[in-house]
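Chemist: Sharing a structure with you now.
The values are calculated or read from the model by the stated rules, or taken from the named source; none is laboratory data. Model, not experiment: these values are computed from the prediction. Cβ: placed from backbone, ideal geometry, glycine included. Neighbour counts: every protein chain shown. The accessibility values were calculated without ligands, DNA or RNA, using every heavy atom of the protein model including side chains. Shrake-Rupley method; radii C 1.70, N 1.55, O 1.52, S 1.80 Å.
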Amino acid sequence: MASSSTVPLHVRSPEILLHPTCCIGDCHQNPNSARTESSQGLSLEFSFQIDPPALSHCFVRCHDLAKVTHKNSPSAEEEPFIVAASGGLALLDITFTGDDGIHPPCSDYFVYRAGGGSPSLHLLPGPYPTRYKLNMVAVLPVCDGSDDYAVVFPDVEYLMHEDRNNYTLHIYHSDTRAWSVQVACIAEEETEDARNKLVAAHVATSVVYAGSGLIGWINLWTGAVICNVLDTNPTIRFVPVPPKEFYLDYIAEINIRPFRHMTIYNGVIKFIELKYHRDPAFNVKRRDDEGWMATIWTRPISSDVWNEGLTFDTSDIVVTDPSFRHLLPEMVNEENKLKLDKLMSGGPTLSLNDDHTVYILAKMSLFDPSAFVLALNTRSLTLESCAPCRGENILRFEPDYVPFALFS
């Protein structure tokens with residue numbers, strides 16, 4: 001059987017769970033590799049090591065430099081990373097240190113395109129915007145199914161009151177190979193509360209591509225800012241999260257990601273929240289009941305109403321594949337039910353292109369160096385896959401991976 005690093009993307013799962021930090025090393029010249037040159041003519045290769053359901057990783061190899069670093073880190077040993085990903089596109093941020101004694105240090109952005117054909121890697125031409133919010137940068141297809149793409153660097157100024165009604169968007173279009181600047185204004189129908197408190201001071205924790213030129217900047221405490229970034233006159237709309245459960249108030253100072261996730265797919269916004277059987281959710285010592293109940297809401301982008309959909313409990317999940325018993329021998333009971341109440345778990349992640357898949361991060365204990373990524377089918381309430389991953393850096397069940405659709 002071919003190894004995971006030599007299997008073309010078009011014969012694998014259309015979605016992977018991707019660690020955004022790139023590894024520096026050999027790309028093994030697999031079919032997922034693509035090559036290009038930096039702005040200084042240095043040879044560069046990028047590739048995915050794809051191994052669903054396990055976490056997938058990306059690799060960068062630079063033939064002409066001794067060291068590659070992350071430009072926003074004080075450490076000279078940090079790896080390059082993926083700033084944004086959507087629709088089969090990934091935007092890479094790489095800094096070259098110039099340790100070869102010939103070239104000075106420089107920072108470049110590259111766009112990697114996956115897909116059924118040959119992957120490609122393109123250098124984004126400079127000069128790059130100097131003012132932008134890194135956590136809001138996005139890459140997206142110019143239109144669904146197109147080979148052309150756009151990269152959006154939003155500049156959001158919160159300090160000046162007169163600037164609180166718009167975002168400045170620095171946009172690169174691959175079809176014209178040129179940068180442009182657009183101003184996205186808050187939609188007129190937005191309420192004053194959304195304008196002053198939510199949209200103007202929105203702090204995005206993730207970015208999703210919503211299709212048809214729409215980008216969603218998501219904050220799991222408040223909601224999503226939706227913007228048609230490729231329109232001639234882009235506008236900003238705010239979509240609040242479903243009514244917040246009061247029990248989450250006491251963890252306002254803690255990252256909400258272990259409890260919630262939101263995404264947008266096929267014009268529908270999806271939101272999931274976990275409510276644990278016992279509070280607080282994560283103790284140093286594992287308790288008799290670490291289970292939870294999950295609720296999933298949906299809402300069309302064009303709608304103003306959330307629809308509370310499926311609710312399921314950890315005790316509902318059935319294991320139908322006997323091979324999972326070898327990975328989790330103590331976590332499957334005689335009735336083939338997954339005993340998630342005996343595991344510490346959290347960090348729900350909704351699939352980008354499957355209405356019925358939710359990924360859950362699970363560990364035997366809070367400080368266990370090993371963890372598992374569980375793929376749950378919410379329609380059949382079965383465990384579809386289980387893959388081990390490193391867990392020493394995931395203390396509070398905040399996933400260090402993102403779902404990535406391999407095809408646009």
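Chemist: Filter the trypsin sites (Lys or Arg not before Pro) in segment 334-394 to those in DSSP coil with at most 15 other Cβ atoms within 10 Å of their Cβ, and list the result.
Modeler: Arg379
Chemist: Which whole-Hz couplings ³J(HN,Hα) result when phi for each residue of segment 336-347 is put into the Karplus expression 6.51 cos²θ - 1.76 cosθ + 1.60, θ = phi - 60°, listed in order with x for Gly and Pro?
Modeler: Each residue of segment 336-347 in turn: 6, 8, 6, 7, 5, 6, 9, 9, 8, 8, x, x Hz.
Chemist: Here's a follow-up. Name the residues of segment 291-329 whose amide N is less than 19 Å from a point 7 angstrom out from the Cα of Glu189 along the C-beta direction?
Modeler: So the set is 299-307.
Chemist: Test of understanding: what is the full-extension gain from Trp306 to Val181, defined as 0.36 nm times their sequence separation minus their Cα-Cα distance?
Modeler: Taking 0.36 nm per residue and subtracting the Cα distance, the gain is 41.6 nm.
Chemist: Rank Trp297, Trp179 by accessible area, highest first, at a 1.4 Å probe radius?
Modeler: Trp179, Trp297
Chemist: Please go through the residue pairs Lys133/Lys270; Lys133/Lys342; Lys133/Lys363 and name each one whose alpha carbons sit more than 32 Å apart in this structure.
Modeler: The answer is Lys133/Lys342; Lys133/Lys363.
Chemist: Do any GluC sites (Glu not before Pro) in segment 334-408 lie in a DSSP loop with no more than 16 other beta carbon atoms within 10 Å, and if so, which?
Modeler: Glu334, Glu335, Glu392
Chemist: Out of segment 312-388, which chymotrypsin sites (Phe, Trp or Tyr not before Pro) are coil in DSSP terms and have no more than 12 other C-beta atoms within 10 Å?
Modeler: Hits after loop and neighbour filter: Phe367.
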